[in-house]
1. How do the strands (runs of 3 or more DSSP E) wholly within the stretch 98-175 filter down when requiring 3 or more residues that are of a type in the set (Val, Ile, Thr) and under 19 Å from the mean Cα position of the chain (by Cα): which remain?
2. When residues of the stretch 183-216 are filtered for being in a loop (DSSP other than H, G, I, E, B) and under 19 Å from residue 172 (Cβ atoms), how many remain?
3. Looking only at the stretch 40-57, filter to residues that are free of Cβ contacts under 8 Å to residues at least 40 places away in the same chain and in a loop (DSSP other than H, G, I, E, B); which one of those is surrounded by the fewest Cβ atoms within 10 Å (Cβ to Cβ)?
4. Can you work out which of the residues in the stretch 58-98 that are in contact with a Gly (Cβ under 6 Å, 6 or more places away or on another chain) and of a type in the set (Gly, Ala, Ser) is surrounded by the most Cβ atoms within 10 Å (Cβ to Cβ)?
5. Kindly list, by first and then second residue, each pair from a residue in the stretch 159-179 that is over 20 Å from residue 194 (Cα atoms) and in contact (Cβ under 8 Å) with a residue 24 or more places away in the chain to a residue that is buried (at least 17 other Cβ atoms within 10 Å of the Cβ) and not hydrophobic (A, V, I, L, M, F, W, C), limited to pairs with Cβ atoms under 6 Å and residues at least 6 apart or on different chains.
6. Restricted to the stretch 170-198, and to residues that are of a type outside the set (Val, Ile, Thr) and buried (at least 21 other Cβ atoms within 10 Å of the Cβ), which residue is modelled with the highest pLDDT?
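The values are calculated or read from the model by the stated rules, or taken from the named source; none is laboratory data. This one's a predicted model, so the numbers in the text were calculated from it and none came from an experiment. Neighbour counts are summed over all protein chains in view; Cβ atoms, including those assigned to glycine, are modelled from backbone coordinates with ideal geometry.
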Amino acid sequence: MQLSYSRRVATGGVLAALTFAGVAALTATPAYAATSEVSAIHGIPGTPVDVYLNGAKTLDNFAPGEVAGPLSLAAGAYDIALTKPGEPVADAILTVDDVEVLGGTNVSMAAHLDASGQPKITSFVNDTSKVDAGKSRLIARHIAAAPAMDVRAGGTSVFTNLTNSNEAKADMEAGTIKADAVLAGTETVTIGPADLELSEGTATIVYAFGSADAGTLEVVAQTITGLHSTPAGVPSGSGGLADTGASTWWYLLAGAGALLLVGGGTRVATTRRSNR
């Protein structure tokens, strides 16, 4: 499958970002409490949702391919529910209970499809350590109902067999690189090739989401700034809602990534989804 690239600019993004940020008042804690920076990524194709956190609506009409946040959350356990826009939590299409948020971390929570096409939520811990002068960090995440992929730079495989709910990362020279992804062990291109611009002192996180069988594979990007070796700001997440400066070219490189799978019980309302 040849996938065209485009920058995902969310319609109504400012409203969604403000709604997401507004839940901070519901989870406010004393200044000395440990907090985490949490961003949300919507990777379930064709399914706009309202997002509830501990019973409070935090995102309204959150569309596939959008990124919201970051939101400062106190360390602790949270219940997450996704509903069709305007529907109550009781009719959620996906719920995850007791998601553990660890203090002092930068986390991206992605709603997406597993390898078999069922919705799930995966939480990734973002690497916000400093990069050397002249360097940029690239993080690639496979959250699509799609087979394993190999990744190539200039036609040469640099990472093999990346599978659903996993990531790869590497620090590299800032600048432009040419990349594509192929089905593992083949020459069948699924994404790219494309030129990818990596800015110095940033982490670019690219997510492949959607379904290969349904022909809905897409990419969305999130950026984290302020990773220069010399202090240049506080690391923060941004994406398709509040800031669409990141390229949505998708590229994967070798290296193990820090991955925190969501804990707790996941309940998928498959009957309701099939009847709507």
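1. Result: 119-125.
2. 4
3. Filtering first and then ranking leaves 55.
4. Filtering the stretch 58-98 for residues that are in contact with a Gly (Cβ under 6 Å, 6 or more places away or on another chain) and of a type in the set (Gly, Ala, Ser), the one surrounded by the most Cβ atoms within 10 Å (Cβ to Cβ) comes out as 69.
5. What qualifies is 164/142; 165/122; 166/142.
6. Top of the filtered list is 198.
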